[in-house]
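Engineer: Pasting a structure here, questions to come.
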Amino acid sequence: MIRFHVLTIFPEVFPGPLDVGVVGRALAVGDVELHVHDLRAYTEGRHRQVDDVPFGGGAGMVFKPEPVIRAVRALRETEPETRCILLSPQGRQFDQGVARELAGERSILLVCGRYQGVDQRARDEIGEELSVGDYVLSGGEVAAMAVMEATARLVPGVVGSPESLGEETFSDGAGGGFEAPLYTRPADFEGRSVPAVLREGNHAAIAAWRRNESTQRTGLRRPDLIRSAPRPGGTT
């Protein structure tokens, strides 16, 4: 079981698309928990202000340190094992390897930034940052959903057919690259046929075909994944 906490100024966004499919079922049965915290609940004063202008000038507003730090400390006090992460384009790149790593945690807090950014003192308090790509979103909510979706499906029991996880894109079964082309019925469609090897029942030949197709597809579309794939003996 894994417990996700999300800190946001838009709690109404959640669970959103996480409430359907395999993750939705996991939330329903308790294999995955989602707790959403409104950052404004950790403010003071009747205006519940979470942001202010940046020192030194510049466009945009910045999340104030006080409410973010209060929220992080409150959660760490009740759940000391919680891993706290800020969604930020400046963070460590999130990928399937990081998802596998996070799936081993019991409790994770995802802090969703907004506006121009988050006060550096709050970032220091959180201590870890993740980026879902080299682009800028309006806030961390969509990024948080992506992290939770990718991580939750790797938690034991969430995906009904766990062996399928070992064959999909970025998995060890795909050599860390893309999975091979997939086909289903009909065997012939508009003059395009399913490769004969997939219909002949020779499992060794099928496995070899899939490895070859995976390597070719990855090399054409993401050669960097081929170069970074581990070699025999654990070297890169």
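The values are calculated or read from the model by the stated rules, or taken from the named source; none is laboratory data. Here the structure is a predicted model, which is why all the values come from computation and not from measurement. Here the Cβ positions follow ideal geometry from the backbone for every residue, glycine too, while neighbour counts run over all protein chains shown.
Engineer: Here's a check for you: in the stretch 1-51, which residue that is of a type in the set (Gly, Ala, Ser) and touching a Pro at 6+ places or on another chain (Cβ under 9 Å) is farthest from Val155 (Cα to Cα)? Quick ask: steps written out before the conclusion?
Structural biologist: At the first step, the residues of the stretch 1-51 found to be of a type in the set (Gly, Ala, Ser) are 16, 21, 24, 26, 28, 30, 41, 45.
Of the ones still in play, those that are also touching a Pro at 6+ places or on another chain (Cβ under 9 Å) are 24, 41.
Values: Gly24: 13, Ala41: 30 Å.
Once the filter is applied, the top-ranked residue is Ala41.
Engineer: Cβ-Cβ below 6 Å, separation at least six or inter-chain, first residue in the stretch 1-12 and crowded, with 16+ Cβ neighbours inside 10 Å and at pLDDT 95 or above, second among the small types (Gly, Ala, Ser) and assigned to a helix (DSSP H, G or I): which pairs?
Structural biologist: That search, which allows pairs on different chains as well, returns Val6/Ala144; Leu7/Ala71.
Engineer: Right, here's the next one. Which residues, counting only those in the stretch 72-81, are in contact with an Asp or Glu (Cβ under 9 Å, 6 or more places away or on another chain) and closer than 20 Å to Ile9 by Cβ? Give the steps one after another, and end with the answer.
Structural biologist: Filtering the stretch 72-81 for residues in contact with an Asp or Glu (Cβ under 9 Å, 6 or more places away or on another chain) gives 72-73, 81.
Listed by number, the residues that qualify are Val72, Arg73.
Engineer: Where residues in the stretch 98-107 are surrounded by fewer than 21 Cβ atoms within 10 Å (Cβ to Cβ) and in contact (Cβ under 8 Å) with a residue 40 or more places away in the chain, which of them is nearest to Val147 (Cα to Cα)?
Structural biologist: Here is the first cut: in the stretch 98-107, the ones surrounded by fewer than 21 Cβ atoms within 10 Å (Cβ to Cβ) are 98-101, 103-107.
Right, trim to in contact (Cβ under 8 Å) with a residue 40 or more places away in the chain and you get 99-100, 103, 105-107.
On the way: Ala99: 7, Arg100: 11, Ala103: 10, Glu105: 13, Arg106: 15, Ser107: 13 Å.
Among those residues, the one meeting the criterion is Ala99.
Engineer: Take Gly139 and tell me if it is under 20 Å from Ala71 (Cα atoms), among the small types (Gly, Ala, Ser), surrounded by fewer than 18 Cβ atoms within 10 Å (Cβ to Cβ) and modelled with pLDDT of 95 or more. Explain how you work it out, then say what you get.
Structural biologist: Details: under 20 Å from Ala71 (Cα atoms): yes; among the small types (Gly, Ala, Ser): yes; surrounded by fewer than 18 Cβ atoms within 10 Å (Cβ to Cβ): yes; modelled with pLDDT of 95 or more: yes.
Yes; evaluated as a whole, the condition is true for this residue.
Engineer: Report yes if Val22 is surrounded by fewer than 20 Cβ atoms within 10 Å (Cβ to Cβ) and of a type in the set (Val, Ile, Thr), otherwise no. Don't jump to the end; show me each part of the working.
Structural biologist: On the way: surrounded by fewer than 20 Cβ atoms within 10 Å (Cβ to Cβ): yes; of a type in the set (Val, Ile, Thr): yes.
Yes; evaluated as a whole, the condition is true for this residue.
Engineer: Still on this model: List pairs: first in the stretch 49-69 and under 13 Å from Leu39 (Cβ atoms) and in the same structural domain as Asp124 (by TED's automatic domain parsing), second exposed (fewer than 12 other Cβ atoms within 10 Å of the Cβ) and not basic (Lys, Arg), Cβ under 8 Å, 6+ apart or cross-chain?
Structural biologist: Glu66/Glu44
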